[in-house]
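Colleague: Okay, here's the structure, questions in a sec.
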Amino acid sequence: MQIEFTQPIYSFDIDSGQHVSNIVYINWLEIGRLRLLEAAGMPIPRIKEQGFFPVLTKTEISYKRPLFLGDEARIVLWISELKRISATMMFRFFNQNNDLVAEATQYALFVNASDQRPYKLPPEDRARFEPYVIEGN
């Protein structure tokens with residue numbers, strides 16, 4: 001299963017090159033991750049209560065074409081790999097014409113809040129994320 005949402009493009013999203021700034025994509029990645037956690041029944045407050053949290057270890061973005069003021073961005077994301085202590089998330093960004101404008105990959109590590117060490121997801125929490133795993137994409 002994928003998470004999908006749209007984001008309008010505002011004047012403050014535009015950089016000096018007159019297209020959407022790269023930092024806006026980082027914000028959209030964060031929005032996507034939060035939506036994924038909520039969809040899996042693991043919103044940040046619940047995760048914190050359980051004593052762990054996800055930490056990003058790497059972000060890669062490839063830009064294919066620009067987005068401009070007046071465009072609308074559609075963001076699609078899923079988990080491409082779910083391990084015991086980590087996850088890899090894939091993102092695709094499309095314009096209103098369904099043209100691919102960017103791709104991103106983020107790598108996250110689950111960390112124990114008390115000692116900052118890697119945290120192994122218990123089977124019941126792992127099961128919450130499994131519907132969003134699409135391997136090989």
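Colleague: Per residue, how many Å² of accessible area does the chain show with a 1.4 Å probe?
Modeller: Dividing the accessible area of the chain by its residue count gives 55 Å².
Colleague: Run the accessible area of the chain with a 1.4 Å probe and give the carbon-and-sulfur part as a rounded percent.
Modeller: 49
Colleague: Right, another one. Rg and Dmax of the range 92-137, using alpha carbons, in Å: what are they?
Modeller: Rg, Dmax (Cα atoms, Å): 15.8, 47.
Colleague: Once the convex hull of the alpha carbons of the chain is built, what does its volume come to per residue, in cubic angstrom?
Modeller: Considering the Cα atoms of the chain, their hull volume per residue is 112 Å³.
Colleague: Tally the DSSP beta bridges in the chain and give the antiparallel ones as a percent, rounded to 5.
Modeller: 95
Colleague: Sticking with this structure for a sec: Can you give the calculated 222 nm mean residue ellipticity of the chain, where each DSSP H run of n ≥ 4 adds -39,500 (n - 2.57) and the sum is split over every residue, rounded to the nearest 500 deg cm²/dmol?
Modeller: Dividing the helical sum by the residues of the chain leaves -7000 deg cm²/dmol.
Colleague: While we're here: Using the Kirkwood radius over C-alpha pairs as Rh, can you work out the diffusion coefficient of the range 1-64 via Stokes-Einstein at 25 °C, viscosity 0.890 mPa s, in µm² per second?
Modeller: 177
Colleague: So between residue 103 and residue 117, what do we pick up on full extension, going 0.36 nm a residue minus the alpha carbon distance?
Modeller: Contour length minus Cα-Cα distance gives 2.1 nm.
Colleague: First measure r as the distance between the Cβ atoms of residue 53 and residue 126, then evaluate 1/(1 + (r/R0)^6) with R0 = 25 Å and state the FRET efficiency to the nearest 0.05.
Modeller: Approximately 0.95, to the nearest 0.05.
Colleague: What angle do you read, to the nearest 10 degrees and between 0 and 90, between the alpha-carbon axis of helix 22-39 and the longest principal axis of the chain?
Modeller: 40
Colleague: Whole percent per 5 Å bin, from 0 to the bin with the longest distance: what is P(r) over all C-alpha pairs of the range 32-98?
Modeller: P(r) for the range 32-98, in whole percents per bin: 3, 13, 20, 23, 16, 11, 9, 4, 1.
The values are calculated or read from the model by the stated rules, or taken from the named source; none is laboratory data. The structure displayed is predicted, hence computed values, not measured ones. As a convention, Cβ positions derive from the backbone with ideal geometry for all residues, glycine included, and neighbour counts pool all protein chains shown. Note: accessible area is taken over every heavy atom of the protein model, side chains too, but ligands, DNA and RNA are not part of it. Shrake-Rupley method; radii C 1.70, N 1.55, O 1.52, S 1.80 Å.
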